[in-house]
Amino acid sequence: MKASATPPPRQAAPAPLQQRPGPPPQIKAAAVLRNRAVALLQGGRVAEAEALLKEALGIFPGFAEAEIRIGNLRREAGDAEAAIRRYRRALAIKPDYAWAHLELAICLQRGGETAAALEHYRQAVKHNPKLYKTVLFALVNQPSGCFWLDLAELKRQLTEGGSAAE
């Protein structure tokens with residue numbers, strides 16, 4: 001057999017790796033404020049931390065995590081209504097945010113709104129199945145919570161969306 005005189009087609013050189021753009025500056029600035037707030041919380045400086053979280057929201061209003069953190073601070077301060085508003089804001093920003101559903105469910109359960117709480121517990125598990133054990137713990141450890149003794153039924157309620165007997 002005679003070798004072909006035509007060279008094989010030349011492949012184009014791979015495109016140079018393009019660095020993905022980082023987050024916009026307002027998101028970076030809000031994250032820096034969140035980190036500072038967390039450090040302040042570890043030092044027990046709650047009011048200063050909350051102010052920084054609110055500042056972060058002023059810079060980046062779509063910062064659902066800051067809404068949750070402020071909600072947690074309000075809940076710890078005994079202001080359940082403000083906490084619920086913050087958790088609902090977080091869910092308005094990011095409806096599939098499992099932690100927002102979890103925190104809202106805890107607050108609702110403490111307030112005696114069991115059916116609404118159970119629905120948010122379901123949503124938390126739906127969006128993050130790894131939260132299942134956390135949800136179980138929350139369900140049986142809230143001061144005014146319900147105690148489900150039939151764990152199989154509770155699992156069905158959380159995963160299938162059945163209605164719980166109250």
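Derivation of every value follows stated rules applied to the coordinates shown; laboratory data play no part. It should be emphasised that the depicted structure is a prediction, and the values quoted were computed from it without experimental measurement. Neighbour counts run over all protein chains shown; Cβ positions are idealised from the backbone, glycine included.
Structure data summary
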item: Using a Förster distance of 45 Å, the FRET efficiency for Ala51-Lys155 (Cβ separation, nearest 0.05); result: 0.60
item: Simple spin-label estimate for Ile27 and Gln42 in nanometres, 7 Å along Cα-Cβ; result: 2.5
item: Above-threshold pairs, the threshold being 27 Å between Cα atoms, out of Lys54/Lys155; Lys54/Lys133; Lys54/Lys126; Lys54/Lys130; Lys94/Lys133; result: Lys54/Lys155; Lys54/Lys133; Lys54/Lys126; Lys54/Lys130
item: Relative exposure of Asp79, Asp96, judged by other C-beta atoms within 10 Å (fewest first); result: Asp96, Asp79
item: Sorted by Cβ neighbour density within 10 Å, fewest at the top, the residues Tyr132, Tyr87, Tyr97; result: Tyr132, Tyr97, Tyr87
